[in-house]
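Down below is the structure, laid out as C-alpha coordinates.
The values are calculated or read from the model by the stated rules, or taken from the named source; none is laboratory data. Treat the numbers as computed from the prediction; the structure is a model and nothing was measured. Backbone-built Cβ (ideal geometry, glycine too); neighbour counts: all protein chains shown. Note: accessible area is taken over every heavy atom of the protein model, side chains too, but ligands, DNA and RNA are not part of it. Shrake-Rupley method; radii C 1.70, N 1.55, O 1.52, S 1.80 Å.
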Amino acid sequence: MARISVTQLAAMPTPEADKLLAGLSPLALQLLIAGSQHPEGRPNTLHDQNIACAPELKELEDRGLLRWIGRDPVVTVAGRDAIDAPSEYEVSLAKFRADHPWIEKRKQENGGVLPRDNGDPHISDMAYRNYRTMGVAAVPVVRMRIEPTVKGDLYLSRDGSTRKRFFVAPKRMIDQPETRGDLILTLLPKWLCHHIAKRFPGVNLLGVTPDLVGENWTDDDRKKWESLASRARSINTRIRNGGVGQRARGRYGATA
(Lines give C-alpha, C1' and ligand atoms only; values in the text may rest on other atoms or scores of the structure.)
Protein backbone atom coordinates (compact mmCIF):
# COMPACT_ATOMS: atom_id res chain seq x y z
CA MET A 1 0.00 0.00 0.00
CA ALA A 2 1.49 3.34 -1.05
CA ARG A 3 1.81 6.02 1.58
CA ILE A 4 -0.70 8.84 1.20
CA SER A 5 -0.78 12.47 2.25
CA VAL A 6 -3.64 14.57 3.58
CA THR A 7 -4.03 16.14 0.15
CA GLN A 8 -4.23 12.76 -1.55
CA LEU A 9 -6.78 11.51 0.97
CA ALA A 10 -8.92 14.62 0.47
CA ALA A 11 -8.92 13.95 -3.28
CA MET A 12 -10.01 10.33 -2.89
CA PRO A 13 -13.66 9.36 -3.39
CA THR A 14 -15.53 9.26 -0.09
CA PRO A 15 -16.33 5.50 -0.19
CA GLU A 16 -12.66 4.63 -0.77
CA ALA A 17 -11.48 6.94 2.00
CA ASP A 18 -14.11 5.52 4.36
CA LYS A 19 -13.03 1.99 3.54
CA LEU A 20 -9.36 2.84 4.15
CA LEU A 21 -9.83 4.46 7.56
CA ALA A 22 -13.21 3.17 8.68
CA GLY A 23 -15.03 6.49 8.28
CA LEU A 24 -12.89 8.75 10.45
CA SER A 25 -13.94 12.40 10.54
CA PRO A 26 -11.70 14.74 8.45
CA LEU A 27 -10.19 16.43 11.51
CA ALA A 28 -9.51 13.10 13.21
CA LEU A 29 -7.81 11.94 10.03
CA GLN A 30 -5.62 15.05 9.96
CA LEU A 31 -4.69 14.53 13.61
CA LEU A 32 -3.81 10.90 12.88
CA ILE A 33 -1.55 11.83 9.98
CA ALA A 34 0.05 14.71 11.93
CA GLY A 35 0.80 12.35 14.80
CA SER A 36 2.28 9.73 12.49
CA GLN A 37 4.70 12.35 11.16
CA HIS A 38 5.81 13.47 14.64
CA PRO A 39 8.88 11.79 16.21
CA GLU A 40 6.97 11.06 19.43
CA GLY A 41 3.65 10.42 17.70
CA ARG A 42 1.92 13.56 19.02
CA PRO A 43 -0.86 14.97 16.81
CA ASN A 44 -0.55 18.42 18.43
CA THR A 45 1.92 20.36 20.51
CA LEU A 46 -0.31 22.44 22.81
CA HIS A 47 -2.37 21.05 25.67
CA ASP A 48 -5.24 23.47 25.01
CA GLN A 49 -5.59 21.87 21.58
CA ASN A 50 -6.50 18.65 23.37
CA ILE A 51 -9.66 20.36 24.61
CA ALA A 52 -10.52 21.84 21.23
CA CYS A 53 -10.02 18.49 19.50
CA ALA A 54 -11.39 16.32 22.30
CA PRO A 55 -14.14 14.64 20.21
CA GLU A 56 -11.70 13.74 17.44
CA LEU A 57 -9.06 12.49 19.88
CA LYS A 58 -11.72 10.36 21.61
CA GLU A 59 -12.73 9.02 18.19
CA LEU A 60 -9.15 7.93 17.51
CA GLU A 61 -8.76 6.49 21.00
CA ASP A 62 -11.95 4.42 20.71
CA ARG A 63 -10.63 2.86 17.49
CA GLY A 64 -7.26 2.02 19.07
CA LEU A 65 -5.45 4.50 16.83
CA LEU A 66 -4.34 6.73 19.72
CA ARG A 67 -3.44 6.34 23.39
CA TRP A 68 -2.79 8.80 26.20
CA ILE A 69 0.58 9.07 27.95
CA GLY A 70 0.00 11.42 30.84
CA ARG A 71 -1.51 14.54 29.28
CA ASP A 72 -0.17 13.79 25.81
CA PRO A 73 -2.11 11.98 23.07
CA VAL A 74 0.17 9.64 21.09
CA VAL A 75 -0.60 7.76 17.88
CA THR A 76 -0.32 3.98 18.33
CA VAL A 77 1.43 1.48 16.09
CA ALA A 78 -2.02 0.49 14.79
CA GLY A 79 -2.66 4.14 13.95
CA ARG A 80 0.53 4.36 11.93
CA ASP A 81 -0.27 1.10 10.15
CA ALA A 82 -3.76 2.31 9.28
CA ILE A 83 -2.32 4.94 6.94
CA ASP A 84 0.88 3.03 6.17
CA ALA A 85 2.95 5.74 7.87
CA PRO A 86 6.61 5.35 8.85
CA SER A 87 7.31 3.85 12.25
CA GLU A 88 8.29 6.02 15.22
CA TYR A 89 11.84 4.78 14.77
CA GLU A 90 11.93 5.79 11.09
CA VAL A 91 10.52 9.26 11.82
CA SER A 92 12.91 9.79 14.73
CA LEU A 93 15.86 8.62 12.66
CA ALA A 94 14.91 10.90 9.75
CA LYS A 95 14.61 13.87 12.12
CA PHE A 96 17.93 13.00 13.73
CA ARG A 97 19.69 12.92 10.35
CA ALA A 98 17.97 16.14 9.28
CA ASP A 99 19.24 17.83 12.46
CA HIS A 100 22.74 16.45 11.84
CA PRO A 101 23.66 17.28 8.21
CA TRP A 102 27.19 15.99 8.73
CA ILE A 103 25.75 12.48 8.44
CA GLU A 104 24.92 12.98 4.76
CA LYS A 105 28.38 14.43 4.19
CA ARG A 106 29.95 11.43 5.84
CA LYS A 107 27.75 9.17 3.72
CA GLN A 108 29.14 10.76 0.57
CA GLU A 109 32.67 10.44 1.87
CA ASN A 110 32.06 6.74 2.54
CA GLY A 111 30.93 6.04 -0.99
CA GLY A 112 27.21 6.25 -0.33
CA VAL A 113 27.25 4.09 2.82
CA LEU A 114 25.61 5.57 5.89
CA PRO A 115 27.64 5.52 9.10
CA ARG A 116 26.57 2.96 11.67
CA ASP A 117 23.77 4.03 13.96
CA ASN A 118 24.62 4.39 17.62
CA GLY A 119 22.51 1.33 18.39
CA ASP A 120 19.77 3.37 20.04
CA PRO A 121 16.55 3.47 17.98
CA HIS A 122 14.98 5.96 20.42
CA ILE A 123 16.76 9.17 19.45
CA SER A 124 14.80 11.48 21.73
CA ASP A 125 14.88 11.52 25.52
CA MET A 126 11.13 12.14 25.28
CA ALA A 127 10.65 8.57 24.06
CA TYR A 128 12.24 7.22 27.25
CA ARG A 129 10.23 9.59 29.42
CA ASN A 130 7.09 8.38 27.65
CA TYR A 131 8.09 4.76 28.24
CA ARG A 132 8.68 5.52 31.92
CA THR A 133 5.22 7.11 32.15
CA MET A 134 3.74 4.05 30.44
CA GLY A 135 5.45 1.80 32.98
CA VAL A 136 7.02 -0.58 30.47
CA ALA A 137 10.22 -2.63 30.51
CA ALA A 138 12.36 -4.16 27.76
CA VAL A 139 12.29 -7.96 27.81
CA PRO A 140 13.93 -10.52 25.44
CA VAL A 141 11.56 -13.41 24.68
CA VAL A 142 11.43 -16.38 22.31
CA ARG A 143 8.53 -16.95 19.93
CA MET A 144 7.52 -20.60 20.15
CA ARG A 145 4.97 -20.57 17.34
CA ILE A 146 4.20 -18.10 14.56
CA GLU A 147 0.44 -18.73 14.52
CA PRO A 148 -1.50 -17.08 17.36
CA THR A 149 -3.71 -19.06 19.70
CA VAL A 150 -7.49 -19.28 19.35
CA LYS A 151 -7.76 -16.19 21.55
CA GLY A 152 -5.24 -14.33 19.37
CA ASP A 153 -2.41 -14.45 21.92
CA LEU A 154 1.23 -15.15 21.04
CA TYR A 155 2.90 -18.30 22.36
CA LEU A 156 6.20 -17.12 23.87
CA SER A 157 8.92 -18.43 26.17
CA ARG A 158 11.39 -16.80 28.54
CA ASP A 159 14.25 -19.07 27.49
CA GLY A 160 13.01 -21.12 24.51
CA SER A 161 11.68 -24.00 26.60
CA THR A 162 8.09 -25.06 27.21
CA ARG A 163 8.83 -25.05 30.93
CA LYS A 164 8.89 -21.25 30.87
CA ARG A 165 6.23 -20.61 28.25
CA PHE A 166 3.52 -17.96 28.55
CA PHE A 167 0.99 -16.12 26.38
CA VAL A 168 0.67 -12.41 25.54
CA ALA A 169 -1.76 -10.40 23.42
CA PRO A 170 0.16 -8.73 20.53
CA LYS A 171 -1.38 -5.34 21.33
CA ARG A 172 0.46 -5.37 24.68
CA MET A 173 3.87 -5.65 22.99
CA ILE A 174 6.05 -2.92 21.47
CA ASP A 175 8.62 -4.84 19.45
CA GLN A 176 12.04 -3.24 19.04
CA PRO A 177 14.15 -2.97 15.84
CA GLU A 178 16.72 -5.41 17.25
CA THR A 179 14.23 -8.30 16.97
CA ARG A 180 15.50 -11.08 14.69
CA GLY A 181 13.23 -13.96 13.70
CA ASP A 182 11.98 -15.82 16.76
CA LEU A 183 14.30 -13.92 19.11
CA ILE A 184 12.25 -10.90 20.10
CA LEU A 185 13.12 -7.77 22.06
CA THR A 186 9.90 -6.13 23.16
CA LEU A 187 8.52 -3.64 25.65
CA LEU A 188 5.89 -5.01 28.03
CA PRO A 189 3.89 -3.25 30.75
CA LYS A 190 5.35 -4.04 34.16
CA TRP A 191 1.91 -4.85 35.56
CA LEU A 192 1.57 -7.48 32.85
CA CYS A 193 4.98 -8.93 33.72
CA HIS A 194 3.86 -9.30 37.36
CA HIS A 195 0.57 -10.86 36.20
CA ILE A 196 2.44 -13.38 34.03
CA ALA A 197 4.74 -14.26 36.95
CA LYS A 198 1.68 -15.13 39.06
CA ARG A 199 -0.10 -17.02 36.30
CA PHE A 200 2.97 -18.91 35.05
CA PRO A 201 5.20 -19.86 38.01
CA GLY A 202 8.89 -19.63 37.22
CA VAL A 203 8.49 -17.00 34.47
CA ASN A 204 10.15 -13.85 35.82
CA LEU A 205 10.20 -11.37 32.94
CA LEU A 206 11.72 -8.61 35.07
CA GLY A 207 14.61 -10.72 36.34
CA VAL A 208 17.96 -11.61 34.81
CA THR A 209 17.63 -12.92 31.24
CA PRO A 210 18.33 -16.69 31.28
CA ASP A 211 20.40 -18.51 28.65
CA LEU A 212 18.65 -20.18 25.73
CA VAL A 213 17.56 -23.73 26.49
CA GLY A 214 17.75 -26.51 23.92
CA GLU A 215 20.13 -27.92 21.33
CA ASN A 216 18.57 -26.32 18.27
CA TRP A 217 20.17 -22.93 18.79
CA THR A 218 23.22 -21.96 16.73
CA ASP A 219 26.19 -20.00 18.04
CA ASP A 220 24.85 -16.96 16.15
CA ASP A 221 21.49 -17.38 17.88
CA ARG A 222 23.13 -17.43 21.29
CA LYS A 223 25.24 -14.37 20.48
CA LYS A 224 22.12 -12.55 19.30
CA TRP A 225 20.32 -13.54 22.49
CA GLU A 226 23.16 -12.13 24.57
CA SER A 227 23.04 -8.90 22.58
CA LEU A 228 19.27 -8.64 23.14
CA ALA A 229 19.79 -9.11 26.89
CA SER A 230 22.45 -6.39 26.88
CA ARG A 231 20.24 -4.09 24.82
CA ALA A 232 17.32 -4.68 27.19
CA ARG A 233 19.46 -3.62 30.16
CA SER A 234 20.49 -0.47 28.28
CA ILE A 235 16.90 0.44 27.37
CA ASN A 236 15.66 -0.18 30.90
CA THR A 237 18.42 2.02 32.33
CA ARG A 238 17.44 4.83 29.97
CA ILE A 239 13.76 4.40 30.80
CA ARG A 240 14.57 4.53 34.51
CA ASN A 241 16.71 7.65 34.05
CA GLY A 242 14.27 9.32 31.68
CA GLY A 243 16.71 9.61 28.78
CA VAL A 244 20.24 9.06 27.55
CA GLY A 245 21.96 12.04 29.09
CA GLN A 246 20.15 12.21 32.40
CA ARG A 247 20.62 10.51 35.72
CA ALA A 248 17.74 9.57 37.96
CA ARG A 249 17.70 11.76 41.04
CA GLY A 250 16.96 10.33 44.44
CA ARG A 251 16.90 11.56 48.00
CA TYR A 252 20.22 12.34 49.59
CA GLY A 253 21.92 9.16 50.70
CA ALA A 254 19.63 6.88 48.69
CA THR A 255 21.09 4.12 46.57
CA ALA A 256 19.97 2.96 43.13
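Things worth noting here:
- Under 5 Å from the amide H of Leu66 lie the amide H atoms of Glu61, Thr76, each residue being 5 or more positions distant or on a separate chain, with H modelled from the backbone and absent for Pro and chain starts.
- Computed FRET value (nearest 0.05) for Ile51 with Thr218, which takes r as the C-beta separation and R₀ as 35 Å: 0.05
- The residues packed around Pro73, meaning those with a beta-carbon under 12 Å from its beta-carbon, carry a net charge of -1 if Lys and Arg are +1 and Asp and Glu are -1.
- Burial ranking of peptide ranges 156-168, 222-234, 26-38 (average Cβ count within 10 Å, highest at the top): 26-38, 156-168, 222-234
- Each label was represented as a point 7 Å from its Cα along the Cα-to-Cβ direction; for Val150 and Ala197 these points are 3.1 nm apart.
- Whether the range 131-205 is rounded, prolate or oblate, judged on the alpha carbon gyration tensor where a/c under 1.5 counts as rounded: rounded
- Ranked packing of 140-153, 172-185, most packed first, by mean Cβ within 10 Å: 172-185, 140-153
- Note, ³J(HN,Hα) from phi for the range 149-165, Karplus 6.51, -1.76, 1.60, rounded to Hz, x at Gly and Pro: 6, 4, 7, x, 7, 8, 8, 10, 9, 6, 9, x, 10, 6, 5, 10, 8
- Computed from the C-beta positions of Ala34 and Ser161, the FRET efficiency with R₀ = 51 Å rounds to 0.65.
- Inter-label distance, Lys58 to Val208: 5.1 nm, where each label sits 7 Å from its Cα along the C-beta direction.
- Accessible area (Å², 1.4 Å probe, nearest 10) - Arg63: 110 Å²
- Solvent-accessible area of Val77 with every protein chain in place, 1.4 Å probe, in Å² to the nearest 10: 90 Å²
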